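Notes for the one structure printed next.
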Amino acid sequence: MANIYTPFAGRKKNPRLARTISIVPGLGQVYYGAPRRGLQYLAGVVVPAFLAALLYEWSLFDLARMEISGLLKSFAFLASELVVLSLVVTVVSFWIAASWDARQGTIALNEGRDYQPRWWYVKVQEFLFDDPEEETP
């Protein structure tokens, strides 16, 4: 498959700048010429952050006013907080991954290498479920 991200004719991009501007997730990808991937990283940060904020607000205010038993309310609160925590971990993970991808993508394009990164969960799936290739002597 051909490289779908190509640097501008002869101009090298700065990997450090790509990583620095990834403080806004996805901006580094736009910088090196992958706007669709940048939008995916931005959504990977914004959507879970928004959901975490909504769920946290619900668990603090609406759950407290519900007319249910104390034990059930405690379990519901605990479950909602665990979901919020997992969403926050997702936000941080996507933020770090966006920064790393921006740097790696810029380096690969400057060197003229094909850059087709795979999402981390694809790598984990391959590690867990694919048989390693047998070495031939």
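The values are calculated or read from the model by the stated rules, or taken from the named source; none is laboratory data. None of these values were measured; they are calculated from a predicted model. Note: ideal-geometry Cβ built from the backbone for every residue, glycine included; neighbour counts use all protein chains shown. Protein only, heavy atoms only, side chains kept; ligands, DNA and RNA dropped before computing areas. Shrake-Rupley method; radii C 1.70, N 1.55, O 1.52, S 1.80 Å.
Only a single item in (1) assigned to a loop (DSSP other than H, G, I, E, B); (2) closer than 23 Å to Arg11 by Cβ; (3) of a type outside the set (Gly, Ala, Ser) is not met by Ile68, and it is number (2). Does Gly70 fit the bill of being of a type in the set (Gly, Ala, Ser) and touching a helix residue (DSSP H, G or I) at 6+ places or on another chain (Cβ under 8 Å)? Taking the combined requirement at face value, the residue does not satisfy it. Screening Ser99, Ser80 for residues that are within 30 Å of Arg11 (Cβ to Cβ) and in contact (Cβ under 8 Å) with a residue 24 or more places away in the chain leaves exactly one candidate, Ser99.
Determine which member of the set Leu78, Leu87, Leu63 is on the phi < 0 side of the Ramachandran plot, modelled with pLDDT of 80 or more and over 20 Å from the mean Cα position of the chain (by Cα).
Leu78
Of all the residues in the stretch 67-76, those that are open to solvent by 60 Å² or more (accessible area, probe 1.4 Å) and touching a residue at least 12 places away in the same chain (Cβ under 8 Å) number 0. When restricted to residues that are modelled with pLDDT under 85 and either of a type in the set (A, V, I, L, M, F, W, C) or not in a helix (DSSP H, G or I) (or both), the stretch 101-132 contains 16. Annotation note: of Ala49, Ala79, Ala53, Ala98, the sole residue that is assigned to a helix (DSSP H, G or I) and open to solvent by less than 40 Å² (accessible area, probe 1.4 Å) is Ala98. For Val47, the criteria (1) under 22 Å from Pro25 (Cα atoms); (2) touching a helix residue (DSSP H, G or I) at 6+ places or on another chain (Cβ under 7 Å) hold in every case but one, which is (2).
Go through the stretch 91-119 and give me each residue that's farther than 14 Å from Tyr41 by Cα and among the polar types (S, T, N, Q). Once the filter is applied, which keeps residues that are farther than 14 Å from Tyr41 by Cα and among the polar types (S, T, N, Q), the stretch 91-119 yields Gln104, Thr106, Asn110, Gln116. The single condition among (1) among the β-branched types (Val, Ile, Thr); (2) within 29 Å of Lys13 (Cβ to Cβ); (3) in contact (Cβ under 8 Å) with a residue 12 or more places away in the chain that Val88 does not meet is (2).
Across the stretch 28-42, the qualifying residues are those that are in contact (Cβ under 8 Å) with a residue 12 or more places away in the chain and open to solvent by 40 Å² or more (accessible area, probe 1.4 Å), and the one among them that is farthest from the chain's Cα centre (by Cα) is Tyr31.
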